[in-house]
Amino acid sequence: MSPRPQAVTGLDAEPALASITLTWQPLGWDPLIDHYRIYAVRGESAPDGRNESELLAKTVYPRFVHSDLDPAGETWTYVVLAVSDAGRRGRPSAPVTAASQPSVIATGDEVAAIGAFDGRTLEFLHAPSGYANIPEQFPDALIEYDQGVDDPGTAWPYLLPGPGDAWAGRTAYRARWTLTLDEAPSADHDLAVWLVDTTRLGGILRVSANEEHVVDIELPEGATRGSREGDATVPGSTLRRSFHEHVVPAGLLHAGENVLELELAEGGWVAWDAVGLFARS
Amino acid sequence: MPASAAPPALSRRRLLQAGGASAAVIALGINAPDAVADPPQKAEDLFALGIASGAPRPDGAVLWTRLASEPLAEDGHGGIDPHPVGVRWQVATDVEFSQILRHGQALAQPELAHAVHPRVEGLEPATEYFYRFLVGPQTSPVGRFRTLPADGAEVESFAFGVVSCQAWYHGNFTAHRHLAAEEELDLVVFAGDYIYEYGITESNLWRQGAEVTAAHTVETETLEQYRLRYSLFKTDPHLQAVHARVPAVAVWDDHEVQNDYSGTGSSTGIPEDLFAHRIAVAYRAFYENMPLDVEALPDGPDTDITTGFDVGSLARFSLLDTRQFRDPEPVDEADRQDEQRTMLGAEQEAWISRRLESSPTTWNLLASGVVLAAVSDDRVDMWDGYPAARRRLLEALGTASNPVVLSGDIHKHVAAEVRADYEDPDAATIGVELVCTSVASDGDGAKDDEYTEDWLRHEYVRHYDGRRGYLHVRLSPEEMVSSFHVVDWVEADDTAPKQLSVRYTTAVDDPGLIQV
């Protein structure tokens, strides 16, 4: 009989927007680990690793992203244990508590948004897999969206292609979002860019406001599946969501018509979850 | 990969090297004559996943079974309690087992999902034998295998089937039903995608009348999920019938781990240090579920499934691993054309070159998980993504007599001539490639589809059929007869009759495909 797996050590919890990333020390190959079991309870009291109703997930990787957390922030406490090829369970790790970072979609006041912040591309044009239509419909690589006039299902394709996308002509597509403010903002705003997936190429999403550079968002390497699948919330989804929230200085916005432009300057496409501009409460 | 034609015997060195399971566990799963183990507590059928033989040699074969009373138990352990179970095996010359020639015992252990891999030795070459397993009072179905002819022996005929791409959820294994009923059959070659890792959901469950529980709806990632996936596919009675009929040898393609993975890299952006853990459990599940020699038992995320064997002086088979050692998908055309790009890795490349150059046999067959022929520059998951590596392999093939490439992956029957240089229209034909369609992947299909033209525009591609089926090949010292069989449907049920899509002969020393 092979030995019982060792207790998991080095459990660490990294808070992020609407998620908490757990990592721990892998246990090597002998015995082969069938999977790790992650037990979690809300708050700061620790799960005991025996109550199966507290089983949050199983994974073969020494890493797990606890996603879909309340954008306002949630606090959880975790333990992780290993199961061997023979089905034997190791002792649980020491518990770790973490609180996810609050998102501006919960803490701010929505000024304007395209789509719903829900982990899905499904409300957008050509979703979930009609990407081949995008270069046909937007031959100039320019997507224009007028807030209050256009809607996501007809004017905002679910993907923004980039120079890494041969199918879209290897072009840096721009998404130009026009919105009207009743008055010039007195305080900084926040731009939330939530993505359902990106490609293995990663890339840079360049944001400008009224032709002034705001930020270059560095895109993570994604699953390259969001061109064909539109729902990252289904169990076992391999889509790799990412969340980006950046300040738009008050001075870059003014009363009347404003143009926010998102250009995929480098890399492969992004699959939108939603984009929103938020005032600070 | 062994340097000689015959795989090496189970060695102490190999046992001590093997990681991921202790040497004792591995050894007992192969041979445990003195082990005393309690019989399983339950009385249900323990052989619900069938039996198999494989890794044939002139003096024997590996026998395989994996005990399961509840094959779809979601922890991947088949409903067997986590204790060792003694599994006796018998080999006889007759189906009634009145003359038992060899017998032994292996230990089915929870570490290996209660799979056993005993190797029977000391048998006569080119002889048919019957085998079965016994656990307590229970007896398995009877399987049969034919030992290979003696090294160098003259062989009048050797027949084998080729199958690939068994997306269980896309349809019935009607192709296996017909293959198991072939009159002449000595071996089956699984050319990759024995399982699929995808979640089985409403959108891809086209096998009418089939239902799966929630545990099957997600992509496989953990060992228990891979084990469960093998169990689901192996419950198919027609697949079991093929395994019981003849020894199986297998190469893998991508879906035994993850769609389009390359070497140590995931196709979905999972970092390599993490993905190694998934590779390790996927490779382990492959070993546990196939009739393989111990050399194929992984050491963590590394393993060696390349192997080969000779059929007397008639044929040499070489089984390639076209996944584990390949470079990643090219980032651009310059990368694709890079002379250093490898599909097989340096060690395997040297191994196959040696095997081909030194081969004494009339026919030389290579099983590759992906298609060798040049089809289009954007089919970068196949050898088309590795043109320099293909040129090196073609050079090696040119040193052997009558090379034949067996491949799968594309879910279509394709018959093609192998050219010394696919870019030179005047290049000589040096062999043939027989691409086997899927058993079930892509459902019913049709003879012609949107990809027909891609393939048939090449002069060296002679046939295309997009239906499901299998390939039957008969080798003799004079010719090879390759029969591409199809069935018209697989989604509704398993009753579709077998049809011949096309049949070719290839004469010895005259490479090409002559339709008959």
Looking only at residues that are without any contact (Cβ under 8 Å) to a residue 40 or more places away in the chain and within 14 Å of chain A (Cβ to nearest Cβ) in the range B:292-311, which one is most open to solvent (accessible area, probe 1.4 Å)?
B:302
Return only the number of the condition from (1) farther than 29 Å from residue A:254 by Cα; (2) open to solvent by 10 Å² or more (accessible area, probe 1.4 Å) that residue A:197 does not satisfy.
(2)
Checked the range A:130-147 for anything open to solvent by 20 Å² or more (accessible area, probe 1.4 Å) and either part of a strand (DSSP E or B) or at pLDDT below 95 (or both); matches are A:142, A:144, A:146
Which residues, taken from the range B:83-103, are in a loop (DSSP other than H, G, I, E, B) and open to solvent by less than 70 Å² (accessible area, probe 1.4 Å)?
B:84, B:93, B:94, B:97
A careful count of residues in the range A:50-71 that are open to solvent by 70 Å² or more (accessible area, probe 1.4 Å) and closer than 16 Å to residue B:274 by Cα gives 2
Could you grab me the full set of residues in the range B:312-351 that are among the hydrophobic types (A, V, I, L, M, F, W, C) and buried (at least 23 other Cβ atoms within 10 Å of the Cβ)?
B:315, B:317, B:319, B:320, B:343, B:344
Considering only residues that are surrounded by fewer than 20 Cβ atoms within 10 Å (Cβ to Cβ), assigned to a strand (DSSP E or B) and within 19 Å of the chain's Cα centre (by Cα), which ones fall in the range A:208-220?
A:215, A:216, A:218
When only residues in the range B:41-78 that are assigned to a loop (DSSP other than H, G, I, E, B) and touching a strand residue (DSSP E or B) at 6+ places or on another chain (Cβ under 6 Å) count, which is surrounded by the fewest Cβ atoms within 10 Å (Cβ to Cβ)?
B:48
Set A:180, A:171: member being assigned to a loop (DSSP other than H, G, I, E, B), open to solvent by 10 Å² or more (accessible area, probe 1.4 Å) and over 25 Å from residue A:232 (Cβ atoms):
A:171
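Let's see how each residue does on (1) within 14 Å of chain B (Cβ to nearest Cβ); (2) under 27 Å from residue B:114 (Cβ atoms); (3) surrounded by fewer than 20 Cβ atoms within 10 Å (Cβ to Cβ):
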| site | (1), (2), (3) |
| --- | --- |
| A:15 | no, no, yes |
| A:20 | no, no, no |
| A:24 | yes, no, no |
| A:42 | no, no, yes |
| A:84 | yes, yes, no |
| A:90 | no, yes, no |
| A:104 | no, no, no |
List the strands (runs of 3 or more DSSP E) that sit entirely inside the range B:225-340 and contain at least 2 residues that are modelled with pLDDT under 95, touching a Gly at 6+ places or on another chain (Cβ under 8 Å) and within 30 Å of residue A:58 (Cα to Cα).
none
Over the range B:477-499, the set of residues out of contact with any Ser or Thr (no Cβ under 6 Å at 6 or more places or on another chain), not in a loop (DSSP other than H, G, I, E, B) and not hydroxyl-bearing (Ser, Thr, Tyr) is B:485, B:499
Being within 12 Å of chain B (Cβ to nearest Cβ), among the acidic types (Asp, Glu) and in contact with a strand residue (DSSP E or B) (Cβ under 6 Å, 6 or more places away or on another chain) is the requirement here; does residue A:34 meet it?
yes
Looking at this structure, is residue A:38 at negative phi, assigned to a strand (DSSP E or B) and of a type outside the set (Gly, Ala, Ser)?
yes
Just to be sure, is residue B:380 open to solvent by less than 40 Å² (accessible area, probe 1.4 Å), under 27 Å from residue B:196 (Cα atoms) and over 20 Å from the mean Cα position of the chain (by Cα)?
yes
For the range B:202-222: of the residues being within 11 Å of another protein chain (Cβ to nearest Cβ), of a type in the set (A, V, I, L, M, F, W, C) and over 16 Å from residue B:71 (Cβ atoms), which is surrounded by the most Cβ atoms within 10 Å (Cβ to Cβ)?
B:218
Selection over the range A:225-238 where residues are open to solvent by less than 40 Å² (accessible area, probe 1.4 Å) and free of Cβ contacts under 8 Å to residues at least 60 places away in the same chain yields a count of 3
Mind listing whichever residues of the range B:265-287 are charged (D, E, K, R) and more than 9 Å from chain A (Cβ to nearest Cβ)?
B:272
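The values are calculated or read from the model by the stated rules, or taken from the named source; none is laboratory data. If you're wondering where the values come from, they're calculated on a predicted model, not measured in any experiment. Backbone-built Cβ (ideal geometry, glycine too); neighbour counts: all protein chains shown. Ligands, DNA and RNA are excluded from the accessible area calculation, which covers all protein heavy atoms including side chains. Shrake-Rupley method; radii C 1.70, N 1.55, O 1.52, S 1.80 Å.
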